[in-house]
Amino acid sequence: MVLAGKQAVDEDNTQVAVRVAELLDLPHVNSVIKIELSEDKKSARCVREVDGDRDIAETALPAIITTQQGLNEPRYPSLKGIMGAKKKPITDWKAADLGLDPATIGAQGTKLEVLRLDPPPARPPGKIVPGEPAVAAKELVRLLHEEAKVV
């Protein structure tokens, strides 16, 4: 079983695990919050949160499962572990070290071209309705009805 995070924090594409599953011809279950392995460890029962409800997916193993918050209780490293990690060597792998053609990875190998990336438009400032609660509530209903047109 390969466990991966649900999505990246850079462009939020949610593609890596799904693509790896496709390349390896393995089943994939996305956004899992609970995993139960069968007794023989040949299948997994995965619980997912879907539109405010829970969905159960069963898959044969090996499989690639993307996880999201709620799957486990994170363990935090001890001070001793942090200090020990500082002394460990870090191997810098290049594409050639892994037998990869540089033309098939990174910016040269991508099949996605980002033409433009714009921030969302600025939101209008909020409005504070002053006054006593009963009067402010009436004014709020009026504003929601006449200005916001949501009531």
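Nothing in this text is a laboratory measurement; each read-out follows from the coordinates by a stated rule. Since we're looking at a predicted model, the values are computed, not measured. Every residue, glycine among them, receives a Cβ derived from its backbone with ideal geometry; neighbour counts consider all protein chains shown.
Points worth noting:
- The one condition from (1) within 23 Å of residue 105 (Cα to Cα); (2) exposed (fewer than 11 other Cβ atoms within 10 Å of the Cβ); (3) of a type outside the set (Phe, Trp, Tyr) that residue 13 does not meet is (2).
- Leading residue by the ranking (farthest from the chain's Cα centre (by Cα)) among those in the stretch 105-140 that are farther than 30 Å from residue 16 by Cβ and acidic (Asp, Glu): 132
- Residues of the stretch 100-127 that are among the hydrophobic types (A, V, I, L, M, F, W, C) and surrounded by 10 or more Cβ atoms within 10 Å (Cβ to Cβ): 100, 105.
- Checking the stated criteria, residue 62 turns out to be surrounded by 10 or more Cβ atoms within 10 Å (Cβ to Cβ), under 21 Å from residue 19 (Cα atoms), in contact (Cβ under 8 Å) with a residue 12 or more places away in the chain and in contact with a helix residue (DSSP H, G or I) (Cβ under 9 Å, 6 or more places away or on another chain).
- Verdict on residue 97 being among the acidic types (Asp, Glu), without any contact (Cβ under 8 Å) to a residue 60 or more places away in the chain and either surrounded by 10 or more Cβ atoms within 10 Å (Cβ to Cβ) or in a loop (DSSP other than H, G, I, E, B) (or both): no
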